[in-house]
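The values are calculated or read from the model by the stated rules, or taken from the named source; none is laboratory data. Note that the coordinates shown come from a computational prediction; the quantities given were computed from them, not determined experimentally. Every residue, glycine among them, receives a Cβ derived from its backbone with ideal geometry; neighbour counts consider all protein chains shown. Side chains are part of the model used for accessible areas, which takes the heavy atoms of the whole protein and leaves out ligands, DNA and RNA. Shrake-Rupley method; radii C 1.70, N 1.55, O 1.52, S 1.80 Å.
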Amino acid sequence: MPIETDRAAAEALLHEWVESDALRRHCRAVELAMRAYAEDLGEDPEAWGCVGLLHDFDWERHPSLEQHPQDGEPALAAAGYPDWFRRAILSHADHTGVTRETPLEKHLFACDELSGFLHACGLVRPTGLVGITPKSVKKKLK
């Protein structure tokens with residue numbers, strides 16, 4: 001199995017680098033959204049999911065714009081992740097200068113931003129995300 005579609009390997013790397021349950025949940029949320037978009041677009045949900053799962057894997061070790069995600073990229077290269085995979089992760093951060101050109105890169109950026117926004121929407125509700133509607137999320141965009 002190629003490394004870019006090996007979810008077990010991606011999860012092991014995530015757990016090696018990330019201790020925070022909150023950051024692991026965020027990465028998992030982005031993974032799930034990326035898998036769903038991949039299926040809708042006829043792309044590989046395993047590969048897209050692994051990109052989503054690992055997009056912030058280095059944040060705890062490199063928690064600044066000067067370091068994340070560019071300082072984590074060599075670890076992905078050493079683990080055997082291909083150029084397109086690493087480029088997508090680099091592109092999710094505006095400050096890297098890596099432009100988002102492919103559907104994978106564009107969707108990763110959007111899923112990362114939206115998962116954080118949806119989490120914030122849940123934090124201000126007494127029931128969290130339970131029962132949240134698209135209408136209530138749209139109201140928060142104002």
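Here S115 meets each of (1) in a loop (DSSP other than H, G, I, E, B); (2) polar (S, T, N, Q); (3) touching a His at 6+ places or on another chain (Cβ under 8 Å) with one exception, condition (1). Please verify whether the range 8-25 includes one or more residues that are open to solvent by less than 10 Å² (accessible area, probe 1.4 Å), under 13 Å from the mean Cα position of the chain (by Cα) and small (G, A, S). Yes: one or more hits. Determine if the range 60-67 includes at least one residue that is touching a residue at least 12 places away in the same chain (Cβ under 8 Å) and surrounded by 13 or more Cβ atoms within 10 Å (Cβ to Cβ). Yes, the conditions are met somewhere in the range 60-67. When K138 is tested against (1) over 18 Å from R25 (Cβ atoms); (2) touching a residue at least 60 places away in the same chain (Cβ under 8 Å); (3) open to solvent by 80 Å² or more (accessible area, probe 1.4 Å), only condition (2) is not met.
Just so you know, in the range 108-132 the residues that are open to solvent by 60 Å² or more (accessible area, probe 1.4 Å) and of a type in the set (A, V, I, L, M) include one that is nearest to A47 (Cα to Cα), and it is L114. The set of residues in the range 78-107 being loosely packed, with under 13 Cβ neighbours inside 10 Å and either assigned to a helix (DSSP H, G or I) or touching a Phe, Trp or Tyr at 6+ places or on another chain (Cβ under 7 Å) (or both) consists of A78, D83, D94, H95. Which condition number does E46 fail, the rest of (1) free of Cβ contacts under 8 Å to residues at least 24 places away in the same chain; (2) open to solvent by 50 Å² or more (accessible area, probe 1.4 Å); (3) over 18 Å from A22 (Cβ atoms); (4) out of contact with any Cys (no Cβ under 7 Å at 6 or more places or on another chain) being met? With respect to (1) free of Cβ contacts under 8 Å to residues at least 24 places away in the same chain; (2) open to solvent by 50 Å² or more (accessible area, probe 1.4 Å); (3) over 18 Å from A22 (Cβ atoms); (4) out of contact with any Cys (no Cβ under 7 Å at 6 or more places or on another chain), E46 is out only on (1).
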